[in-house]
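A quick write-up on the structure given underneath.
The values are calculated or read from the model by the stated rules, or taken from the named source; none is laboratory data. Small disclaimer: the values here were computed from a predicted structure and weren't measured. In this analysis, Cβ positions are derived from the backbone assuming ideal geometry, glycine residues included, and neighbour counts consider all displayed protein chains.
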Amino acid sequence: MPIAEGLPGLPPEPVEFQPGWAEPYYDADRARPRVEQVINGIRIGPDVRGDSRVGCAPGSSYWADPESARGTPVWIEPSYLPDDALGDGEPRLRDMEAVACEETAISLRVMYGRAAAPDVMERLAGGESWFDIPTGGYVTIFRSISRGPNVTSSEASDRWYGTTIDGLPAAVAKPILERGLGEAWAVTRNPDTEVVTIIRGLNMTADEVIRIAEGLQ
């Protein structure tokens, strides 16, 4: 079902990109239900409490040097990122933080910035689609060794669906508009390593966040 079917009275794609054109879509999306649900064994919802960390006594975890996660199951080094998240061929790393317990990294979060094209307004004025122009945003990848998996998310319930990614059970949230308005999510859990991976991309398609997930070891 096209996601726009859940946005009554609004076209599947905007036909004009005037200031504030996206607000009706965000407003319509905010009115959609957000309830707890289980997709492929992954519990998701706005009131779902995040996972407790495996093997950590309460109060024993601490912030750690992100490099301490290198070589562990939570290390993040994607083989694919969209072109606008690269600068001179290298990822546009915006932030990186790790949590450890008993000198072992148990979670890592990495954020990559996505650069906007310098001529966005000129290209829009020339008739190019907003969805075909780099307009900026981010990609966030979070990995943890966790029980659950339980994922706190306020994305609309009907935007989520189940699939498999690289052979792992997964839950994916489409953006508000399928061509890339709002956040898209991909969540997997490896039952062998107990690693939960959560990828969030602003103004990206579901296919793009799935491709990022497929490129993680």
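When only residues in the stretch 165-181 that are free of Cβ contacts under 8 Å to residues at least 60 places away in the same chain and touching a strand residue (DSSP E or B) at 6+ places or on another chain (Cβ under 6 Å) count, which is surrounded by the fewest Cβ atoms within 10 Å (Cβ to Cβ)? Write out each step before concluding.
Initially, the stretch 165-181 is screened for residues free of Cβ contacts under 8 Å to residues at least 60 places away in the same chain, giving 165-168, 172-173, 180.
The next check asks that each one be touching a strand residue (DSSP E or B) at 6+ places or on another chain (Cβ under 6 Å); those that pass are 165, 168, 172-173.
Working: I165: 21, L168: 17, V172: 23, A173: 24.
Filtering first and then ranking leaves L168.
Taking the conditions exactly as written (out of contact with any His (no Cβ under 9 Å at 6 or more places or on another chain), free of Cβ contacts under 8 Å to residues at least 40 places away in the same chain, small (G, A, S) and in a loop (DSSP other than H, G, I, E, B)), does G148 satisfy them or not? Before you say what the answer is, go through the steps one by one.
On the way: out of contact with any His (no Cβ under 9 Å at 6 or more places or on another chain): yes; free of Cβ contacts under 8 Å to residues at least 40 places away in the same chain: no; small (G, A, S): yes; in a loop (DSSP other than H, G, I, E, B): yes.
Spelling it out, it is not the case that G148 is out of contact with any His (no Cβ under 9 Å at 6 or more places or on another chain), free of Cβ contacts under 8 Å to residues at least 40 places away in the same chain, small (G, A, S) and in a loop (DSSP other than H, G, I, E, B).
Residues in the stretch 207-214: is at least one assigned to a strand (DSSP E or B), modelled with pLDDT of 95 or more and over 21 Å from R30 (Cβ atoms)?
Taking the stretch 207-214 as the starting set, the residues that turn out to be assigned to a strand (DSSP E or B) are none.
No, because not a single residue in the stretch 207-214 is assigned to a strand (DSSP E or B), modelled with pLDDT of 95 or more and over 21 Å from R30 (Cβ atoms).
With touching a helix residue (DSSP H, G or I) at 6+ places or on another chain (Cβ under 7 Å), buried (at least 18 other Cβ atoms within 10 Å of the Cβ) and more than 25 Å from A85 (Cα to Cα) as the only criterion, which of A156, A184 stands out? Give the steps one after another, and end with the answer.
Numbers: A184 fails: more than 25 Å from A85 (Cα to Cα).
Residue meeting the stated conditions: A156.
Just for strands (runs of 3 or more DSSP E) wholly inside the stretch 29-111: which have at least 2 residues that are over 17 Å from the mean Cα position of the chain (by Cα), over 28 Å from D207 (Cα atoms) and among the hydrophobic types (A, V, I, L, M, F, W, C)? Even if it seems obvious, please write down each step before you answer.
Working: elements: 37-39, 42-45, 62-64, 93-101.
Result: 62-64, 93-101.
What's the number of the condition R123 fails, among (1) in a helix (DSSP H, G or I); (2) touching a helix residue (DSSP H, G or I) at 6+ places or on another chain (Cβ under 8 Å)?
So the condition that R123 fails would be (2).
Give me a count of the residues in the stretch 72-102 that are surrounded by fewer than 18 Cβ atoms within 10 Å (Cβ to Cβ), of a type in the set (D, E, K, R) and either touching a residue at least 40 places away in the same chain (Cβ under 8 Å) or within 18 Å of T193 (Cα to Cα) (or both).
Here the count works out to 4.
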